[in-house]
4 protein chains.
Amino acid sequence: MSSFGRMFRISTFGESHCRSVGVVVDGVPPRMALSADDIQVQLDRRRPGGNKLGTERNEADQVQVLSGIENGLTLGTPIGLMVNNKDQRPGDYGSMSQVPRPSHADYTYQMKYGIHASSGGGRSSARETIGRVAAGAIAEKYLLEQYGIEIVAWVSSVGDYDTDNVDMDTISRAEVDANDIRCPDVEAAEKMTAEIVAARAAKDSVGGVVSCVCRNLPAGLGEPVFDRLEAMLAHAMLSLPATKGFEIGSGFSGARMRGSVHNDPFVKKGERLGTTTNFSGGVQGGISNGEPVYFRVAFKPPATIGQAQKTVDFDGNDVELAAKGRHDPCVVPRAIPIVETMTALVLADLVMLQKMRE
Amino acid sequence: MSSFGRMFRISTFGESHCRSVGVVVDGVPPRMALSADDIQVQLDRRRPGGNKLGTERNEADQVQVLSGIENGLTLGTPIGLMVNNKDQRPGDYGSMSQVPRPSHADYTYQMKYGIHASSGGGRSSARETIGRVAAGAIAEKYLLEQYGIEIVAWVSSVGDYDTDNVDMDTISRAEVDANDIRCPDVEAAEKMTAEIVAARAAKDSVGGVVSCVCRNLPAGLGEPVFDRLEAMLAHAMLSLPATKGFEIGSGFSGARMRGSVHNDPFVKKGERLGTTTNFSGGVQGGISNGEPVYFRVAFKPPATIGQAQKTVDFDGNDVELAAKGRHDPCVVPRAIPIVETMTALVLADLVMLQKMRE
Amino acid sequence: MSSFGRMFRISTFGESHCRSVGVVVDGVPPRMALSADDIQVQLDRRRPGGNKLGTERNEADQVQVLSGIENGLTLGTPIGLMVNNKDQRPGDYGSMSQVPRPSHADYTYQMKYGIHASSGGGRSSARETIGRVAAGAIAEKYLLEQYGIEIVAWVSSVGDYDTDNVDMDTISRAEVDANDIRCPDVEAAEKMTAEIVAARAAKDSVGGVVSCVCRNLPAGLGEPVFDRLEAMLAHAMLSLPATKGFEIGSGFSGARMRGSVHNDPFVKKGERLGTTTNFSGGVQGGISNGEPVYFRVAFKPPATIGQAQKTVDFDGNDVELAAKGRHDPCVVPRAIPIVETMTALVLADLVMLQKMRE
Amino acid sequence: MSSFGRMFRISTFGESHCRSVGVVVDGVPPRMALSADDIQVQLDRRRPGGNKLGTERNEADQVQVLSGIENGLTLGTPIGLMVNNKDQRPGDYGSMSQVPRPSHADYTYQMKYGIHASSGGGRSSARETIGRVAAGAIAEKYLLEQYGIEIVAWVSSVGDYDTDNVDMDTISRAEVDANDIRCPDVEAAEKMTAEIVAARAAKDSVGGVVSCVCRNLPAGLGEPVFDRLEAMLAHAMLSLPATKGFEIGSGFSGARMRGSVHNDPFVKKGERLGTTTNFSGGVQGGISNGEPVYFRVAFKPPATIGQAQKTVDFDGNDVELAAKGRHDPCVVPRAIPIVETMTALVLADLVMLQKMRE
């Protein structure tokens, strides 16, 4: 259950306050050039505290390579990766242990396991995604080097502030990282930033949407019928903390359209067929058609807020709860590399599955 | 790849025009009362042609039980189920075999497999869902009898016509089936019906949204971290033909909210804790919390339309394509039992996984 | 649990007396020439009653292709295969339903499921292997056509009568099928036949051993560390009814040897390295080395015998049990195609897994 | 491929000379008392160098718990376990890197991956089993505490020296560990010890057999049809380095018997049915029947020997190879906890699968 993927397969471990979090990555192709630095890049993009919008905890999050790489080359064997937790003890969270935080996982973990980590979010913590991101960096490198596949995510909304002014054919990670909010539309970025600052000032939090595009995918990826490309992406995205929705191509707006408009007519594009429009989002019948794959992921506002909330403890007694310490008022800027990671993990797996038919 | 579930596991087979479509259902608990009639009910609800809105082909779709049931009781062994295809030969589709239909799976299957079924949609056809629905009927019976779990889906939008006037606490299948469009809001249903009739008249098609609620789920279902309840539901729903989006609870609208509003405060409800609001959609940290689980699935307009479309054949030559025969102008009414089925398959699997911890 | 394989994956269904037994075969490569006749050949070799040694029931066992093949070519989609049971009702077995047959599965199925098929062996019956053999015929065809891989099994012992006089480099199925006992050593075959005839005359049964060789395997098959080639073969063979042991290469006799004798020195063989001896059985570190893979499988004497046996019924009351009707006194001649089938299923899966690395 | 088990699932990582070896254990039940000491016990039993028979390298092999345990209780989340390799650099092995060692995995890994670890055995090394043993210790504790299941393995042969003088109903680990050879038959143990000493003196190695018994298993474990108890055990045992054979119950000797002798008659044993003999080895139709499960595993002589061997290098040039340093002349004494571990992993998984039916 803590594993994802069939052939390019990861198994993550670690809670928010245990000794280490990490991942075992199985199925990485052999003889691929790979170093800790390749992995650290995405971990650094994921790390909070690099800007005025995130939490201010300072977590170094240096990855340690335990196995599977020798002399800068992968051996084809499982790659063990680990990051030590700096904060291995309960801190500010202590007072909350008897009160399940509203819209957090404390109550459901307790109901499921009859126990829950005494501090922090346990496995539901964002720290669990460290293992994912470390593994995803390997998947990305493989996809880029072998197929030229590019995956770029950006913030397309925060609260009520949206942008649809991003060119999916050209957007790059450098452009996304140009500002802290990770929205390449500068005008929208300013409004989004103001919204996050306002939420923080109000000891509140705010939701947002991440968009993502994958370019240069070969046609033929996705496994009928249950493991369609969009099904795997939806599974991957909804496995991320705080996600509430996924849509690919036209998405929910496609449900309002007529077929005569929504259909993407074929046209000759060089040696292959392409389409003149791309409401499908690069996927037809669950299989990539060679056009860009793009999708959107909805993130709710973080559950942990400084405002006082009326709720009850595990015994049902009324309490008022207000989180102490600093908490992230909006997850979408930090979610960028995590959405890219899950995309890469899905694609690497599907690429390998398709190789069996060649 | 044609299998779904871990413990309650189905493997479907069959194309649109082969001899039979069906499913093997493994992991069904033993000693459960089960007959072909129990399964036929949902197949009949799925069957097209029962009303003025669907296609008019007459498909009997009588299920045959091949194994796994004896004297009206399940043996705990795999249950083989099969429905013969009436139309086992290419018909109206013949002229399209050299032209990949826009936004259909012809092109991508050809790119993936180097071959595609000579007629109809092959595995991407809606007929593939027969096996799913047959299996889902078993899952539903198990969930209802063992846990009292109720799953009800309805049409919540067609084109631009919506309803949010459905009481999720009480809505029943009988109310949903009261009209052909399967929307229990009579006023909205009329507008939706008119929209479908209009689309058909224009030799066009139209999209829509299906909503679904699950009541009486025990707390504790869903497997951290990759197989969260919402991740499994998203995977299941996006594995259905023509789907473009999934959202649970507040969904995309939750991304616009502040945490102080979105958080669901706990309150004592009898012996357990409940929440006063349910923006979470019954799921926290990927695990059910005992509140109703509800979600929405976006369906695009069907790709096969009678209107002439400009496109190209496999060789890139310009052609004009117009589908002959009768085609379903809107899939959402027929999608109701299919959405319920996939929900039941997800829940049955998660229920069995959770039993291991008891 | 009724599925086997990862990429070339089968799911079988059916009890001894239900309507049909069969299999869904997923992962078959597309565009492969395949007909019902290709499958029927191995089913006919498996069928009892073709000679004086087996049971005399006449089971036609004609395979029906339900899906996945069109115009003589595989589509890459799941292939559904089915054989109807002629005898769909309890017959001679009726009197045994309250008495668990010694060394049969009646008792353990009852303990596992709280129910067991009212007649015959249910899923533990040899009829379950029909689905496997049908699927295996496809795997064999793929391996032979794509890689030239040959799989040949033969009877190497019945009771105390053995042969080690079989040339593994040349032995063919035609030679094996030259006599009813399926032992290509004519002298040994006569003694084995006499032993089976004697066992039948004594209303008794007798065990035996099947040997198998796989030629022309490429080096590199087998997945470290848990899915080594020998581990997968052992799993496959011990999943067959009535098996008690598996050994590869030197097997148990290798445990008596010194390393200086057991080690297989490398030598140049054309373009590749080979070994001068083959105590390893073609596998080193769990991966094929290009030499022939050979192994042996022990089958116990069939549990159902005509002799009266003292035992107890489900309630613990003393009874004397004697099977009526005709029963197979020795399974090894019929086990030949079944051992070959399971071998082919293992190899097809490992071949496809290895293709991902190419 | 580096994962084993479905519900109680382990993923191992690490080569012989990388930074660390370890395992992620998923599916461990929550609220189970567990400490590093519980795990260290079996690691210490596995460790070489504790006696005059094994290699003399001093490996501390102290386990580090990375996640999943808090305040001495399991959380139900993945447990990460790790042991650092002391020797993280090539040593005595250096001269062998261009010569594939006969009957070792160097050649096959190179053929499979196009690369192999520059020193030692990589993933085929016995050090890989550290992760397994650490995980198995948890499985054993669970089985013992929840079901009273006892698993005891011992050396039953070394070279030509056997014992069948061990009482499977009473044999304990303390008795097994009473001597270095881990054979509880003192007379046989002396001969076995002498054989190992002689092999070492001759710069040679010798094979052997490990026997194992599992007591107090409930009836009903094992999953028809592919994951029978004996199939899972065979898979597990043949996944261990140096294994060549597996037999359960009567094993290969059962193939020589008549059914009238081999059948195990039922008899009333207290509240349940038992059998008067146990040729079946506690398994009927692939499912445990409540009698002791016992089996034997054949280990070949270790491939690495000090004697000079004629072989060729990767290019096919004649070379003479003699291993330097100290190497284990016989693996069976050290294999004892490893066989127990794999047994425990199989049983824990099957126990959890069966819980779903209760």
_For the stretch C:126-179, take the convex hull of the Cα atoms, compute a quarter of its surface area, and give me that in nm², please._
5.1 nm²
*For residue B:20, list long-range residues whose amide hydrogen, built 1.01 Å from N in the peptide plane, is under 5 Å from its own amide hydrogen.*
B:85
_Across the identical copies, how the residue D:160 labels are spaced - nm, sorted shortest first, 7 Å along Cα→Cβ_ = 2.3, 9.3, 9.5
*What average number of partner chain Cβ atoms lie no more than 10 Å from the Cβ of the residues making up D:325-332?*
1
*Might you report the magnitude of the Cβ-based charge dipole of chain B about its Cα centre, with Lys and Arg at +1 and Asp and Glu at -1, to the nearest 20 debye?*
520 debye
*Shielding of C:28-35 by partners, i.e. mean partner chain Cβ atoms within 10 Å per residue?*
2
_Pairwise label distance in nanometres, residue C:160 with residue A:31, each label 7 Å out on the Cα-Cβ vector_ = 5.6 nm
*For residue B:62, which inter-copy label distances result when the label point lies 7 Å beyond Cα on the Cα-to-Cβ vector, reported in nm to one decimal and in ascending order?*
2.1, 7.4, 7.4
_Take residue D:88 and residue A:355, extend 7 Å from each Cα along the Cα→Cβ direction, and tell me the distance between the two endpoints in nm._
2.9 nm
*List the residue from chain C whose beta-carbon is nearest to the axis that rotates chain C onto chain B, together with that distance in whole Å.*
C:11, 2
*Given springs between every Cα pair under 10 Å in a Gaussian network model of chain A, which of A:253, A:280, A:288 has the largest fluctuation?*
A:253
*Taking only C-alpha pairs under 8 Å that are 6+ residues apart, what is the relative contact order of chain D in percent?*
22 percent
*Roughly how crowded by other chains is peptide D:157-163, in terms of the mean Cβ count from those chains within 10 Å of each of its Cβ atoms?*
2
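Rounded to the nearest 20 debye, what is the charge dipole size of the protein assembly as shown about its Cα centre when +1 sits on each Lys and Arg Cβ and -1 on each Asp and Glu Cβ? Mind dumping the intermediate values first?
On the way: 152 positive and 176 negative charges, 0 e Å.
The dipole magnitude comes to about 0 debye.
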*asked:* Between residue D:177 and residue D:324, what is the label-point separation in nm under the 7 Å Cα-to-beta-carbon projection?
replied: 3.6 nm
*Using a Gaussian network model of chain A with C-alpha springs under 10 Å, which one of A:71, A:278, A:85 is most mobile by mean-square fluctuation?*
A:71
*Work out the FRET efficiency for residue B:253 and residue A:310 from their Cβ-Cβ distance, taking R0 = 30 Å, and round it to the nearest 0.05.*
0.80
*Mean residue ellipticity (222 nm) of the protein assembly as shown, computed from DSSP H runs ≥ 4 via -39,500 (n - 2.57), nearest 500*: -8500 deg cm²/dmol
*Along Cα→Cβ at 7 Å, what distances in nm separate the residue A:186 label point from those on the other copies, shortest first?*
5.9, 9.0, 9.4
*Evaluate the relative contact order of the stretch C:77-205 (contact order divided by residue number), counting alpha-carbon pairs under 8 angstrom at least 6 apart; express in whole percent.*
15 percent
*Semi-axis lengths, Å, the stretch A:3-355, gyration tensor of Cα atoms, sqrt of 5 times eigenvalues*: 34, 26, 19
*Alpha-carbon spread of the protein assembly as shown, three principal axes, descending order, Å*: 84, 66, 66
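Which of the three applies to the stretch B:223-347, rounded, prolate or oblate, going by the alpha-carbon gyration tensor with a ≥ b ≥ c and a/c under 1.5 meaning rounded?
Prolate, because a/c is 1.5 or more and a/b exceeds b/c.
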*asked:* So if I take the centroid of the Cα atoms in the stretch B:205-276 and the same for the stretch D:209-250, what is the distance between those two points in Å?
replied: 43 Å
*asked:* Give the aspartates and glutamates reachable from residue D:244 as a straight Cα distance under 15 Å; neighbours fewer than 8 places away on the same chain don't count.
replied: C:227, C:230, C:247, C:264
*asked:* Let me check I've understood the local charge: for residue D:223, count other residues with C-beta under 11 angstrom from its C-beta, Lys and Arg +1, Asp and Glu -1. What total comes out?
replied: +2
*Measure up C:112/D:268; D:203/D:324; A:86/A:310 against 22 Å on the Cα-Cα distance and list the ones that go over.*
A:86/A:310
_Square roots of five times the Cα gyration tensor eigenvalues for the stretch B:145-263, Å_ = 28, 18, 16
*In what sequence, highest mean first, do A:344-354, A:35-45, D:109-119 appear when ranked by Cβ atoms within 10 angstrom?*
A:344-354, D:109-119, A:35-45
*Could you run the Karplus curve 6.51 cos²θ - 1.76 cosθ + 1.60 with θ = phi - 60° over the stretch A:261-276 and give me ³J(HN,Hα) per residue in whole Hz, x for Gly and Pro?*
8, 6, 4, 9, x, 7, 8, 7, 10, x, 7, 10, 8, x, 10, 7
*Name the residues whose placed amide hydrogens come within less than 5 Å of the amide hydrogen of residue D:171, ignoring near sequence neighbours (fewer than 5 apart) on the same chain.*
none
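Read-outs throughout are calculated quantities, based only on the coordinates presented, and are distinct from any laboratory measurement. All values reported here derive from a predicted model rather than from experimental measurement. Here the Cβ is made from the backbone with ideal geometry for all residues, glycine too, and neighbour counts use every protein chain on show.
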